[in-house]
Amino acid sequence: MAQVVENAGPAARVTPGEFLKRKMAFYGLTAATLAAEIDVHVQTIYNVTTGKRPISSKLAAKLARRFVEQVDVWLSDTIELTPVDASLATKPVKRSKAGGETSNVIEMQLFAKPAERSDGILIDREIVALLERPESGVSINPFDLRQVEPASYDLTMGIIVTEGFHNLSEYDWVSVLRYVHERETLSPRDRERIAQLLETTADLSFLPSPGSQAQSVTIGPLKPAVIIAREIVQFDKYHLADVGGTARNAINGLFVNHGFQIDPGYVGAMVFTALNIGARPLTLTLGQKLASLAIRRLHRPPEKAYHADIERSIRSLSMRLYDQIKAMFEYKALARGEFKASSGHFEETFVGSSLEDVQDNVVSTLLKDFSKGSEDISVSSGLRQAMHDAIDSVTVSRAETDALIRRFKIVLPEQTEHALSFFRMKESKQTLRDTLIRLGRDPIEGMVALLDDDDSPTP
């Protein structure tokens, strides 16, 4: 059913669903293409644009990232149109249905002037607005306002490795980075593990050395080094960054190279190769500016991104888990639109217009109960065991296990190695329950994390 929009001059206000339709028209997006881009079910988009359901906080965060709007805008009851939004006027037109009937539908402008599109290099205030919003999907951690330039952000030197860089993995170097700069925030176990790692690794020299208060290192003429930026970066699939050196380093004779850009979807450390191309020794200091990032906003996300496969794998897992939970229940129709969902350990009556609504309510009720905590007394031991059985019936591949490692931000190498060591062949699979346990996650908590989200397959 089309939503009614009241035009009240330049300050016209519309519903969030109508506002979303205008944004989709601005970018030439269908419900299916938008759903694929932000990784939600297409029915979710239809429900919002037709006014059947409000926008949830998680969906609002995704729409804010996609359309560069504040999250609060999408959560408002009505939204005031900007002149650009208002120019995308809707008008009812007559179209024929089968049988000769006609109905009013909405036809929207699909194109806008190039200058009105939100792509291109971000300037200082846009960089600050982006990086100060956790829900934006782009982060530089730690973020320092003093490192914002007119149209770029400067990274700083976190570790300078002169020898033995390849003796450690990138994961280990990120651990060392935290050890150097955040030692007091690490657990005693992590501090001990990293200290032992550094003590037992031969041919290793970096700044600062264990137990040293040194803040600088000198590299000779034509001598190389590997420099790891202090900042850990995260880019969603709508942003990338051009990487370049700083003018000061170039003047001093320090050649720094990372590659041309940070691709959409990349998350992790920034590792640079450096070479003193000058004729004199060059002293590098902890915290010194290292490189400059020019952040770009993409008009459309690429088909490939660092996290595209991860998102697809997690979505596939959540859908299989969701279907397995639904399969546990039998549905019985009662009078006046009421339905009963029951299994051997669960029985409840819901009021709904369809079995699909009952399915949504069953899963929502279970997630609400289980999200209260693993020891919540309202969840019977029988139902808990039934959920374990459902999780145990879903199998995962090595690629999906890699996706779970990234999804749950597993950083301890012994956990990842333990989970991956069970895949002896390319076609090997293991149960989702076993995988979660090997990754140090409670299976029930993992189930809630996979399903209690707008990424879940519930429409």
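The values are calculated or read from the model by the stated rules, or taken from the named source; none is laboratory data. Everything numeric in this text was worked out from a predicted model, so none of it was measured. FYI the Cβ positions are ideal-geometry reconstructions off the backbone, even for glycines, and counts take in every protein chain you see.
Just a few scattered comments:
- Within the range 193-215, the set of residues being at pLDDT 80 or above and either farther than 19 Å from Ala269 by Cβ or among the hydroxyl-bearing types (Ser, Thr, Tyr) (or both) comprises just one member, Ala195.
- Test: residue in the range 141-156 that is under 12 Å from Val226 (Cα atoms) and over 26 Å from the mean Cα position of the chain (by Cα): no
- Where strands (runs of 3 or more DSSP E) sit wholly within the range 236-326, those with at least 1 residues that are touching a helix residue (DSSP H, G or I) at 6+ places or on another chain (Cβ under 9 Å) and among the hydrophobic types (A, V, I, L, M, F, W, C) occupy 254-257, 267-276, 282-285, 289-297.
- When the test is whether a residue is surrounded by 18 or more Cβ atoms within 10 Å (Cβ to Cβ), in contact with a helix residue (DSSP H, G or I) (Cβ under 8 Å, 6 or more places away or on another chain), within 15 Å of Ser316 (Cβ to Cβ) and not charged (D, E, K, R), Leu432 passes it.
The rows are residues; the columns are (1) of a type in the set (Ser, Thr, Tyr); (2) in a loop (DSSP other than H, G, I, E, B); (3) at pLDDT below 80; (4) surrounded by 15 or more Cβ atoms within 10 Å (Cβ to Cβ).
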residue	(1), (2), (3), (4)
Met1	no, yes, yes, no
Gly17	no, no, no, yes
Leu20	no, no, no, yes
Ala35	no, no, no, yes
Pro54	no, yes, no, yes
Leu59	no, no, no, yes
Val73	no, no, no, yes
Asp77	no, yes, no, no
